[in-house]
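Structure first, commentary second.
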Amino acid sequence: MIQAIRNYALRDMISTNFDRYDRLILEALQKDGALTNAQLSERVNLSASQCSRRRLALEAAGVIEGYRARLNATRLGLGIRVVMRVNLRTHAKTTDMDFSSWISQQPEIQAAFSISGDADYVLHVRARDLDSFSNFLHERLLLRSDIAQVRSDFVLKTLKDSDALDLSGIAG
């Protein structure tokens, strides 16, 4: 059965031949990843077994990368949110690889992007307070010899914070 699911996933998912039911399943799981197949079947009007097969195929194809709980950072004491723009001194491949490796080891960095424009990287950082952010900035980031410039913007108000993808153009 697992091989049949993988074959379905490889044949139909990778080529992005999603139908209306695949889109409905993805939309429902984006809103609530903890849905059982029975609950999912009620929302998309398919049998629980069909939902299960489709969900497994979407997972096997890598369309669904996993499930997680969404935590409230402020209620957990991580009230400071900072968007940082970082420039490196040089742009050698080893410098980029070293900085990328360092980024992956920093728990305060929630997201990091290599970008075009006036900065090399954009970092989304969470901290408990100004002191902990200052510690991260002055005692870890700025001590790196490859850093040329850092600009930090503190988030005053979050207007939208969503990981949900717009699936309206995918199918049916």
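Every number in this text was worked out from the coordinates using simple rules, so none of it is lab data. Predicted, not measured: the structure shown is a model, and the values here were computed from it. No Cβ is skipped: glycine too gets one built from the backbone with ideal geometry, and neighbour counts run over all protein chains shown.
Give me a comma-separated list of calculated 3J(HN,Hα) values for region 142-150, in order, Karplus coefficients 6.51, -1.76, 1.60 applied at θ = phi - 60°, integers in Hz, x for any Gly or Pro.
6, 6, 6, 6, 8, 8, 9, 7, 9
Which net charge results when you count Lys and Arg as +1 and Asp and Glu as -1 among the other residues whose beta-carbon is under 13 Å from that of ARG70?
Numbers: positive: LYS31, ARG68, ARG75; negative: ASP32, ASP161, ASP163.
Net charge in that neighbourhood comes out at 0.
For region 127-132, what does the Karplus curve 6.51 cos²θ - 1.76 cosθ + 1.60, with θ = phi - 60°, yield as ³J(HN,Hα) per residue in whole Hz, taken in order and with x for Gly and Pro?
3J(HN,Hα) across region 127-132, in whole Hz: 9, 5, 7, 4, 5, 5.
In nm, to one decimal, how far is the GLU59 label point from the VAL155 one, both placed 7 Å along Cα→Cβ?
Using points 7 Å along Cα→Cβ, the separation is 3.0 nm.
Considering amide H positions built from the backbone, and no H for Pro or chain starts, which residues 5 or more places from ARG144, or on another chain, come under 5 Å of its amide H?
none
How many times 2.2 N^0.38 Å is the alpha carbon radius of gyration of region 46-158?
On the way: Rg = 18.6 Å, N = 113, 2.2 N^0.38 = 13.3 Å.
That ratio works out to 1.40.
Taking neighbour Cβ counts within 10 Å as the exposure measure, how do LYS93, LYS160 sort from fewest upward? The partial results should precede the final answer.
Numbers: LYS93 7, LYS160 4.
Least crowded to most crowded, the residues run LYS160, LYS93.
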